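J.: Have a look at this one.
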Amino acid sequence: MKILLILKREYLTRVKKKSFIVMTIIGPILMAALMIAPGLLAKYDNQKIKTIAVIDDSMIFFKSLPNSKFIKFDYIEHQTIDKFQKNFENTDYYALLFIPKNILSSEKVQLFSNKQPGIDIKLHIINTLADNIEKIKLLKKNIDVDVLKSVKTDIKLDTIKWTDDGTTEKTSTEITMILSMVTGILIYFFIFLYGSQVMRGVIEEKTSRIIEVIISSVKPFKLMMGKILGIALVGLTQFVLWVILTFALVNISQMIFMPEPEYIQQEQSQSILSTEQSTNQNIGKNINMEEVKDMFSVAKTIDWVVILGSFLFYFIGGYLLYASLFAAVGAAVDSEADTHQFMMPITIPLILSIVMMQSIVTNPEGPIAFWGSIIPLTSPIIMMARIPFGVPYWQVILSIAILVITFLLTTKLAAKIYRTGILMYGKKVNYRELWKWLWYKN
């Protein structure tokens, strides 16, 4: 009963704070902005056409470089770089492209400007010149360019999964990788965010001596658990509100700013195509509306109940495991500045989990992935990163069992440190001292 009272006090105190309200409002706005911004930018992009002067000493590319949506080439004859530079400020040119006589052998050109050119301009020039030079070299070797183009083949690989009931469903490695990375990073973020809140809360109560009043009516273990569970509930509340508000904001924004989503998607896709064709021919060919539709259809086949259920469990399990350690650290020190020596062993497994995720998404069934998802200090992030790829049930059950057992053990050990350190002031604590606290009986 006392744990519930402490939980209620901790929960109500934190959800009424201005910082909680502000973050609950700002978070969904930022996430919705990230989702809506690309479409809005594509719709309202008023980028001016940049005219680039071309001095072609080779006389190979005269009026043969294709213009793009925002780049126009203007060819200048009987001009040198030095003469052009003197009058450059009085012209409307964005830059000067100089093509030397030995372009076919040197394969180098120069772009002069009083500004730093954008990557889109650089890539457009590189790819258009490369395409033209390749054609010239092919003709010199008596190879028909059209024949070469006709034999080039773009393979589309569909990944099909056999389900347990014998049916098949289309999957996407790209979507699975994104989902894996996002869920893993979110758990990392939430564990750090709310775990550190537990530590700061313990330090604040300890330094303000409020703890002396509270501890007279409740046992240290119950106080610690009430605080941990209260902040966990705060985290879940904020997460649910973020999901609901983000979903609402995205839909409202689409209705206001993009009333014709299909048209905008098509316009954005065409814009991407026109840009990519000038910068990367292969990528440009592959991007089309059919693939976008495929991605949405694949997203619908994902078992979101399993994903969300796993996310909630590993978020809560990982948080409870680390929050007990954060609480023990908070009880052992007098100020937040003294926490650094104890925080390093706690944060290393979390940081290591994020580093390991890069190899997990490429080989989700490898030994690193397996042991990372079993070891309790890394399993909340690593197992969550593996689940979108599909994990055998026995591995999930083993991971859950070890995580729960480890949580119970760490909570018991953390409670011993907590009950001793919570009323200890003015003493610099080291690892040797903490070891002694673990064996105190009273």
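Nothing in this text is a laboratory measurement; each read-out follows from the coordinates by a stated rule. All of these numbers come straight from a predicted model, not from anything done at the bench. Cβ placement follows ideal geometry from the backbone for every residue including glycine, while neighbour counts extend to all protein chains displayed.
J.: What list do you get for Val391, Val404 if you sort them by fewest beta carbons within 10 Å? Walk me through the numbers on the way to the answer.
T.: Details: Val391 18, Val404 15.
The order, fewest Cβ neighbours first, is Val404, Val391.
J.: Now, a different point. How far is it, in nm, from the label point at Ile133 to the one at Ser335 when both lie 7 Å from their Cα along the line to the Cβ?
T.: 6.2 nm
J.: Can I ask one more? Normalized C-alpha radius of gyration of the chain, against 2.2 N^0.38 Å?
T.: Numbers: Rg = 30.3 Å, N = 442, 2.2 N^0.38 = 22.3 Å.
Scaled against compact globular proteins, the figure is 1.36.
J.: Subtract the Cα-Cα distance of Asn251 and Phe88 from 0.36 nm times their separation in residues, and report this length gain in nm to one decimal.
T.: Values: separation 163, 0.36 × 163 = 58.68 nm, distance 4.82 nm.
Gain on stretching Asn251 to Phe88: 53.9 nm.
J.: Additional query: Taking θ as phi - 60°, what are the ³J(HN,Hα) couplings along the range 430-436 by the Karplus curve (6.51, -1.76, 1.60), each to the nearest whole Hz, with x for Gly and Pro?
T.: Using θ = phi - 60°, the values come out as 10, 5, 5, 5, 4, 4, 5 Hz.
J.: Then there's this: Taking the Cβ of Ile52 as the center, what net charge do the other residues with Cβ under 15 Å away carry, scoring Lys and Arg +1 and Asp and Glu -1? Walk me through the numbers before you get to the answer.
T.: Values: positive: Lys48, Lys50, Lys63, Lys69, Lys72, Lys115, Lys122; negative: Asp56, Asp74, Asp92, Asp120.
Counting the neighbours of Ile52, the net charge comes to +3.
J.: May I pose another question? Give a residue-ordered list of calculated ³J(HN,Hα) values for the range 189-203 (Karplus: 6.51 cos²θ - 1.76 cosθ + 1.60, θ = phi - 60°; whole Hz; x for Gly, Pro).
T.: 5, 5, 4, 5, 4, 7, x, 5, 5, 4, 4, 5, x, 5, 5
J.: What lysines could a cross-link reach from Lys137, if we take a straight Cα to Cα line under 29 Å and drop same-chain neighbours fewer than 8 places away?
T.: Within the straight-line cut-off, Lys137 pairs with Lys63, Lys69, Lys72, Lys101, Lys108, Lys122, Lys149, Lys152, Lys285.
J.: Counting pairs of alpha carbon atoms under 8 Å apart in space and at least six apart in sequence, what relative contact order in percent does the chain give? Please report the intermediate quantities before stating the final value.
T.: On the way: 482 pairs, mean separation 90.9, N = 442.
For the chain, the relative contact order is 21 percent.
J.: In nm, to one decimal, how far is the Glu174 label point from the Ile29 one, both placed 7 Å along Cα→Cβ?
T.: 3.3 nm
J.: Taking amide H atoms as placed 1.01 Å from N in the peptide plane, list the residues 5 or more away in sequence, or in a different chain, whose amide H sits under 5 Å from that of Asp74.
T.: Residues meeting the amide H criterion: Ile52, Ala53, Val54.
J.: Please list, in order along the range 2-19, the HN-Hα scalar couplings obtained from phi with the Karplus expression 6.51 cos²θ - 1.76 cosθ + 1.60 (θ = phi - 60°), rounded to whole Hz, x for Gly and Pro.
T.: Per-residue couplings from phi come out as 5, 4, 5, 5, 5, 4, 4, 4, 5, 5, 5, 4, 7, 6, 8, 5, 4, 4 Hz.
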